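Asker: Pasting a structure below so you can have a look.
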Amino acid sequence: MAIRITDECINCGACEPECPNNAIYEGAVDWRASDGTALKGKVVMKSGLTIDADEPQEPVSDDIYFIVTDKCTECKGFHEEPQCAAVCPVDCCIPDEDHVETDDELLAKKAFLHGE
């Protein structure tokens with residue numbers, strides 16, 4: 001499953017540079033599917049969202065750091081555990097029960113994001 005950031009986030013920013021998929025953004029900041037990935041042009045994300053990978057998308061949160069679910073692989077294929085959760089000083093990076101994915105699905109998402 002993907003990881004989400006709870007409202008206990010203190011906006012320290014420790015998680016953002018740790019994400020190998022650039023799936024974490026500061027609150028109120030637009031995100032792009034192409035950030036940190038091989039995605040270009042029109043793409044259909046795992047959720048079914050069809051977007052231009054290079055176009056800015058609206059922030060998921062205006063107040064706290066957020067994770068773009070379609071870009072989160074729980075660090076599968078990169079690390080043994082989600083790096084955001086490993087570095088979070090307040091333990092607010094938790095599994096997202098609304099987006100459960102198998103290891104195989106997460107690795108397929110990684111391959112999609114990075115053109116493998």
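The values are calculated or read from the model by the stated rules, or taken from the named source; none is laboratory data. This structure is a prediction, so every number in the text was calculated from the model and none was measured. Reconstructed Cβ throughout: ideal geometry from the backbone, glycine too, with neighbour counts over all protein chains shown.
Asker: What are the residues in the stretch 72-116 that are modelled with pLDDT under 95 and hydrophobic (A, V, I, L, M, F, W, C), if any?
Answerer: Residue satisfying the conditions is Val100 alone.
Yes/no matrix, rows are residues, columns are (1) among the basic types (Lys, Arg); (2) buried (at least 17 other Cβ atoms within 10 Å of the Cβ); (3) on the phi > 0 side of the Ramachandran plot; (4) not in a loop (DSSP other than H, G, I, E, B):
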position	(1), (2), (3), (4)
Asp35	no, yes, no, no
Ile64	no, yes, no, no
Asp70	no, yes, no, yes
Thr73	no, yes, no, no
Cys84	no, yes, no, yes
Val100	no, no, no, no
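Asker: I'd like the full set of residues that are charged (D, E, K, R) and more than 14 Å from the chain's Cα centre (by Cα), limited to the stretch 1-36.
Answerer: First, pick out the residues of the stretch 1-36 that are charged (D, E, K, R): 4, 7-8, 16, 18, 26, 30, 32, 35.
Once the filter is applied, which keeps residues that are charged (D, E, K, R) and more than 14 Å from the chain's Cα centre (by Cα), the stretch 1-36 yields Asp7, Glu8.
Asker: Might you check whether a residue that is under 21 Å from Met1 (Cα atoms) and touching a Pro at 6+ places or on another chain (Cβ under 7 Å) occurs anywhere in the stretch 92-103? Write out each step before concluding.
Answerer: So the first thing to find is which residues in the stretch 92-103 are under 21 Å from Met1 (Cα atoms), and the list is 92-103.
Restricting the remaining residues to those that are touching a Pro at 6+ places or on another chain (Cβ under 7 Å) gives 93.
Scanning the stretch 92-103, I find at least one residue that is under 21 Å from Met1 (Cα atoms) and touching a Pro at 6+ places or on another chain (Cβ under 7 Å), so the answer is yes.
Asker: Name every residue in the stretch 37-62 that is surrounded by fewer than 16 Cβ atoms within 10 Å (Cβ to Cβ) and either more than 16 Å from the chain's Cα centre (by Cα) or more than 22 Å from Val100 (Cβ to Cβ) (or both), in order of residue number. I'd like the intermediate steps shown before the answer.
Answerer: First, the residues of the stretch 37-62 that are surrounded by fewer than 16 Cβ atoms within 10 Å (Cβ to Cβ): 38, 40-42, 44, 47-50, 52, 54-56, 58, 62.
Result: Ala38, Lys40, Gly41, Lys42, Thr50, Asp52, Asp54, Glu55, Pro56, Glu58, Asp62.
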